[in-house]
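Visitor: Dumping the structure here so I can ask a few things about it.
The values are calculated or read from the model by the stated rules, or taken from the named source; none is laboratory data. All values derive from a computational prediction rather than experimental measurement. All Cβ positions, glycine included, derive from the backbone under ideal geometry; neighbour counts span all protein chains shown.
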Amino acid sequence: MKLLVPTDFSKNAQKAIDYAVNIATEKSAIILLHAYQIIDTDSASRKILFEEYNLDIARKLHDELKVQKKNIARLKPGIHVSAELYDKDIKSSIVEASEKFGVDFIVMGTQGASGLKKVFMGSVTARVIGNAAVPVLAIPRMYKWRVPQNILFATNRFETDANILNAIFKVVNLFKAHLHVIVFTDIDTAATEDYINHKNKLDEYKIELKKRNKEIKVISSHLKGSEFEDTLQLYIDEHSIDMIAMVTYKRSLLQSIFTRSATKKMAYRTSIPLLAIPAAED
């Protein structure tokens, strides 16, 4: 299992590193990534000065990454740890590195909501979730590690794509956790047929998941309410859920302007890790 972990050497990023170390096995590889912007100029007289400045910054960042590598090696001997330094914007660097190294998961820190103020790691995690071709594990800054025993998969499309299900199964199997599959029906907008349709599809979907992975225990629940996030949070609290898995879909410009995806909404408010899995097509 390859884990790409972006870091800006903050406490928020350290939380993601700690999580990656905890889920890494002896055969895992952790790739640390730091991205920074170089300073450039068109002035010939100042070009050498800026080049020397950029080299000095790069050396200091390499030293920081070496310290991080040593700390990981001390905490979990045996796993392979490497570090990459990119001189471009962080979102592009993460997406590029995830493709280059063929990682299984991107593990990132996220700032949760505090009252009416919602800070989302400078929106970097949100942008990566919307653009990466691999699953993103978003780790809240205040989250305290515990071995995941209950993982929740929230869906209303009953995905059967192997890439989506394999990402979920990989995490569930890693911890021998229970998989809770839930579908939500909005009682304010749904017709009676929608409610019945969701219930019937959920029963069929549970059977399909068991066929795909006979080793896992699947618990299915049909939730109904007026607000998806509130209803889901109540279920999370009542069932001691340790991780949420949701699928992200590419959206049109108008959709992006007028609505925010349910996955990103949960990323703003969740107090437990969120596994955002990209769908190939909408």
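Visitor: Taking the condition of being closer than 20 Å to residue 1 by Cα, touching a strand residue (DSSP E or B) at 6+ places or on another chain (Cβ under 7 Å) and touching a residue at least 60 places away in the same chain (Cβ under 8 Å), how many residues in region 132-186 meet it?
Guide: 16
Visitor: Give the residue that is surrounded by the most Cβ atoms within 10 Å (Cβ to Cβ), with candidates limited to residues of region 180-221 that are over 21 Å from residue 231 (Cα atoms) and of a type in the set (Val, Ile, Thr).
Guide: So the residue we want is 216.
Visitor: Follow-up question, since we're still on this one. Do you know which residues across region 133-179 are among the β-branched types (Val, Ile, Thr), crowded, with 18+ Cβ neighbours inside 10 Å and over 19 Å from residue 278 (Cα atoms)?
Guide: Across region 133-179, there are no qualifying residues.
Visitor: Mind checking which residues of region 96-114 are under 22 Å from residue 1 (Cβ atoms) and modelled with pLDDT under 95?
Guide: First pass over region 96-114, keeping only residues under 22 Å from residue 1 (Cβ atoms): 96-110.
Matches in region 96-114: 108, 109, 110.
Visitor: Could you please find all residues in region 245-278 being assigned to a loop (DSSP other than H, G, I, E, B) and either buried (at least 22 other Cβ atoms within 10 Å of the Cβ) or modelled with pLDDT of 90 or more (or both)?
Guide: Once the filter is applied, which keeps residues that are assigned to a loop (DSSP other than H, G, I, E, B) and either buried (at least 22 other Cβ atoms within 10 Å of the Cβ) or modelled with pLDDT of 90 or more (or both), region 245-278 yields 270, 272, 273.
Visitor: Examine region 157-170 for a residue that is on the phi > 0 side of the Ramachandran plot and not charged (D, E, K, R), and state whether such a residue exists. Write out each step before concluding.
Guide: Residues of region 157-170 on the phi > 0 side of the Ramachandran plot: 158.
Now restrict to residues that are not charged (D, E, K, R): 158.
So far as region 157-170 goes, yes, one or more of its residues are on the phi > 0 side of the Ramachandran plot and not charged (D, E, K, R).
Visitor: Specify which of the listed residues (186, 230, 242) is of a type in the set (Asp, Glu) and modelled with pLDDT of 90 or more. Let's see the steps before the verdict.
Guide: Values: 186 fails: modelled with pLDDT of 90 or more; 230 fails: modelled with pLDDT of 90 or more.
Going through 186, 230, 242 in turn, just one is of a type in the set (Asp, Glu) and modelled with pLDDT of 90 or more: 242.
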